[in-house]
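The values are calculated or read from the model by the stated rules, or taken from the named source; none is laboratory data. The structure displayed is predicted, hence computed values, not measured ones. Note: ideal-geometry Cβ built from the backbone for every residue, glycine included; neighbour counts use all protein chains shown. These accessible areas exclude ligands, DNA and RNA; they are computed on the full protein's heavy atoms, side chains included. Shrake-Rupley method; radii C 1.70, N 1.55, O 1.52, S 1.80 Å.
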Amino acid sequence: MLRDQTIFDLIQKEQDRQEDGIELIASENFASKQVIEAMGTVLTNKYAEGLPGKRYYGGCEVVDEIENIARDRAKELFGAEWVNVQPHSGAQANAAVMLAVLNAGDKILGFDLSHGGHLTHGSSVNFSGKLYQPSFYGVEKETGVINYDNVEEIAKKEKPKLLICGASAYSREWDYERLRDIADEVGALLLADIAHPAGLIARGLLNDPLEYCHIVTTTTHKTLRGPRGGMIMLGEDFENPFGLKTPKGELRKMSSLLDSGVFPGTQGGPLEHVIAAKAVAFGEALSDDYMDYVIQVKKNASVMSQKFMSKGYQVISGGTDNHLMLIDLRSKGEITGRDAEDALIKADITINKNMVPFDSRSPFVTSGIRVGSAAITTRGMKESEMDKVVDLIDEVLMNKDNDNKIKEIKEEVNSWMKKFPLYK
Ligand SMILES: *Cc1c(COP(=O)(O)O)cnc(C)c1O
């Protein structure tokens, strides 16, 4: 067959883009060559509906071994009792959980999308806001931090069946113990969605949700640095506290409910090539090198946030405990999140515009940007490079309408990034 040069040329072009630029999108990272290699394999050919040892298709002996290794490594990495590594993405993991433990019309309580939450935590444009009845908690205006007394108050009023914590743009630690108290008080299940900080949590740099939360979901491609995918975990195999019964009248275990939430509930055949890559990534995440990596991710984010503040940018909550920060640009005049994103991309610096808490602008314009350290740390950047990254961003933003200046900065970015080789 003729090689599809059109697509492979575009893949090369995308690789060049990734190599040449400064990647600061907080949800992105660079998977290792062996993670990528595992994904591009014959495993994609295999149908394996069901779980290892209990498949609906023959010929699954080898993929069973692979999926079992992925599960064992994930359990070791997070100290989980049970995992399902099949969700195709973080959103799929959340869909499977909600299908497993909720009925249509049940109440859920999540972190407000416009304060840093995720679409799958009850947004009106997402299945979670259409099938269930959502309510939200947010951060305090003065501090930019979640006030748990306020969460408790809303939970007592709304009586949700599922309380969701975790975020896409919240730079502070979560108090899972307190949230569990609140969940117990109102008879809710507690779900922690650790899609973003999973890698830092796995290696003990942030509080452990598995100790307190009934269910934990994550992606595998953000700080965890694996292939694009999702996963569901249990710290203990809780019996279903709502007494959901099978047609035979048996009380089902939470693990079995969640397994069926994934398949047949919301997915068909698992992506065994991606599961193999997850196994590789979990193996990497158990290494000393990865421990050094996550420590550096956290240091780099902290140094970057200090540097932004020293230049007069308002960092929401005044800093970060994890790998990301949310910056309110209103402290810098009329520049919007969209202006900032557009100007920075011309200099090959990638960030994303982001709503800030109590934003006066729409989600398409926004007043803020979100910046993360996971990807640039993978490229080998350390604290000393963070100053320059922030200086470059500031220079672009302060000259956002000066195309010549931005072109100069882009050239500087491209030649600087050659010092941090990626795949070449
Ligand atoms: C990224 C993210 C997800 C969704 O992950 P996808 O793999 O993009 O579906 C879910 N929850 C949170 C909190 C996230 O940040």
* Asked: Any idea which of S331, S367, S305, S317 is of a type in the set (G, A, S) and free of Cβ contacts under 8 Å to residues at least 24 places away in the same chain?
  -> S331
* Yes or no: S123 surrounded by fewer than 23 Cβ atoms within 10 Å (Cβ to Cβ), farther than 24 Å from N322 by Cα and away from the ligand (no atom under 15 Å from the Cβ)? -> no
* the range 180-230, residues that are open to solvent by 30 Å² or more (accessible area, probe 1.4 Å) and within 12 Å of the chain's Cα centre (by Cα) -> R225, R228
* Structure fact -> If we ask which residues in the range 62-89 are within 16 Å of the ligand (Cβ to nearest atom) and without any contact (Cβ under 8 Å) to a residue 60 or more places away in the chain, their number turns out to be 0
* Asked: Could you say whether any residue in the range 42-50 is open to solvent by less than 20 Å² (accessible area, probe 1.4 Å) and either among the β-branched types (V, I, T) or at pLDDT 95 or above (or both)?
  -> yes
* To do: Starting from residues that are open to solvent by 10 Å² or more (accessible area, probe 1.4 Å) and either within 16 Å of the ligand (Cβ to nearest atom) or assigned to a helix (DSSP H, G or I) (or both), keep the ones in the range 236-256 and report whichever is farthest from A285 (Cα to Cα).
  => S256
* Asked: Out of all the residues in the range 163-179, which are away from the ligand (no atom under 14 Å from the Cβ) and open to solvent by less than 40 Å² (accessible area, probe 1.4 Å)?
  -> L163, Y176, L179
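Taking the conditions exactly as written (open to solvent by 50 Å² or more (accessible area, probe 1.4 Å), within 16 Å of the ligand (Cβ to nearest atom) and in contact with a helix residue (DSSP H, G or I) (Cβ under 6 Å, 6 or more places away or on another chain)), does L109 satisfy them or not?
Answer is no for this residue.
Out of the strands (runs of 3 or more DSSP E) lying entirely within the range 170-235, which hold 2 or more residues that are of a type outside the set (A, V, I, L, M, F, W, C)?
Counting at least 2 such residues, we get 215-219.
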* Pair list, Cβ < 9 Å and 6+ apart or interchain, from the range 222-242 residues that are more than 30 Å from T378 (Cβ to Cβ) to residues that are within 16 Å of the ligand (Cβ to nearest atom) -> F238/I215
